[in-house]
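The values are calculated or read from the model by the stated rules, or taken from the named source; none is laboratory data. It should be emphasised that the depicted structure is a prediction, and the values quoted were computed from it without experimental measurement. No Cβ is skipped: glycine too gets one built from the backbone with ideal geometry, and neighbour counts run over all protein chains shown. Protein only, heavy atoms only, side chains kept; ligands, DNA and RNA dropped before computing areas. Shrake-Rupley method; radii C 1.70, N 1.55, O 1.52, S 1.80 Å.
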Amino acid sequence: MTTTVDLFHTVLGPSGAPALLLVHGWGGDGREWSRHAEILAAAGHRVIVPDLRGHGRSPVPDEGNTPTAMAQDLTALVTRLGAGPVTAVGHSMGGQVVNLLAVDHPDLVRSVVALDPAHGAHGAELDEIPRRLTAYRESGAPAAVPLVAGAFSPTAPAGLRTAHIRAMLGTPGHVIAQAYAGMYTDPGAVGIRPHSEAYLRRRTCPALTVWTSAEAADWERGTLWAPGSRVDHWAATGHYLHEEHPDRTVRLIEQWTAAGPAR
């Protein structure tokens, strides 16, 4: 079992309030949740924002920078803070991480909000995985820049693309490669559609998934079985939907948490 690392994190909001865990994606860090965290904390939520292992200001292990290990780190963090059960919100790879957390530690997760999560890969995306992984292993973060640069809509806020390119370039190359393999090709990886379906069936808490792809939204609706779960489709937005539409994302999270068990 991979040894957990002590994640850099911030906590905003009242200590006794129900907790939100906001998790960034591949090659990012917790700063992308800054606007959301301030608003949600002011609204009375306890908001925990970590940097995942190998990212941002958290420790950078030589090995084991995978979603599974990242979920283990979050388990240790939530337990140490006495914050569970949390509403676990994750974007992209962070969406896969919070789902793994929910599957493996259902006592720590009240519900999941996954935004354009890194699961369900098929078709052309699936075909590209071997080439991309080879490039990341050979060249590290610079090889990932084209993928990041192309992930925004024409209406994305000025500076957002540059901020994410800088964050990606600042992430160690071995972390980029290990995390990508951990999402899609390692033994037990859940990013490819048949494996995604198997692990989503193990998720027992309510889940809200938001896709920018109509096809992916339709597919995931067929995987839902936990009461209160749903899938939304946000059209005409880029992959970093929570930053292209921060206020809409905050409203979504507030409405989801307010619904509670009655949803």
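The table below gives the values:
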{"read-out": "Residue under evaluation residue 112, criteria (1) in contact (Cβ under 8 Å) with a residue 60 or more places away in the chain; (2) out of contact with any Phe, Trp or Tyr (no Cβ under 9 Å at 6 or more places or on another chain); (3) assigned to a helix (DSSP H, G or I); (4) under 24 Å from residue 257 (Cα atoms), criterion not met", "value": "(3)"}
{"read-out": "Residue list for segment 12-34, filter: hydrophobic (A, V, I, L, M, F, W, C), open to solvent by 60 Å² or more (accessible area, probe 1.4 Å) and under 18 Å from the mean Cα position of the chain (by Cα)", "value": "none"}
{"read-out": "Sole exception among (1) modelled with pLDDT under 95; (2) assigned to a helix (DSSP H, G or I); (3) in contact with a strand residue (DSSP E or B) (Cβ under 8 Å, 6 or more places away or on another chain) for residue 217, by number", "value": "(1)"}
{"read-out": "Residue check, residue 129 under 23 Å from residue 77 (Cα atoms) and either assigned to a helix (DSSP H, G or I) or of a type outside the set (Gly, Ala, Ser) (or both)", "value": "no"}
{"read-out": "Inter-residue pairs, beta-carbon under 8 Å, first in a helix (DSSP H, G or I) and in segment 23-43, second polar (S, T, N, Q), 6+ apart", "value": "30/10; 36/249; 37/10"}
{"read-out": "Output for segment 163-175, where each listed residue is touching a helix residue (DSSP H, G or I) at 6+ places or on another chain (Cβ under 9 Å) and either farther than 12 Å from residue 28 by Cβ or open to solvent by 30 Å² or more (accessible area, probe 1.4 Å) (or both)", "value": "163, 165, 169, 170, 172, 173, 174"}
{"read-out": "Of the criteria (1) of a type in the set (A, V, I, L, M); (2) farther than 24 Å from residue 163 by Cα; (3) open to solvent by less than 10 Å² (accessible area, probe 1.4 Å); (4) in a helix (DSSP H, G or I), which one residue 124 fails", "value": "(3)"}
{"read-out": "Subset tally (residues that are within 23 Å of residue 124 (Cα to Cα) and among the polar types (S, T, N, Q)) for segment 135-190", "value": "4"}
{"read-out": "Residue check for residue 220: touching a residue at least 24 places away in the same chain (Cβ under 8 Å) and surrounded by 20 or more Cβ atoms within 10 Å (Cβ to Cβ)", "value": "yes"}
{"read-out": "Members of segment 196-211 found to be open to solvent by 40 Å² or more (accessible area, probe 1.4 Å) and either hydroxyl-bearing (Ser, Thr, Tyr) or in contact (Cβ under 8 Å) with a residue 24 or more places away in the chain (or both), listed by number", "value": "197, 201, 202, 204"}
{"read-out": "Complete set of residues in segment 61-90 that are over 24 Å from residue 16 (Cα atoms), open to solvent by 10 Å² or more (accessible area, probe 1.4 Å) and part of a loop (DSSP other than H, G, I, E, B)", "value": "61, 62, 63, 64, 66"}
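Table: residues versus (1) over 21 Å from residue 60 (Cα atoms); (2) outside any helix (DSSP H, G or I); (3) in contact with a Gly (Cβ under 8 Å, 6 or more places away or on another chain).
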position	(1), (2), (3)
161	yes, no, no
174	no, no, yes
180	no, no, no
183	no, no, yes
188	yes, yes, no
194	yes, no, no
203	yes, yes, no
208	yes, yes, no
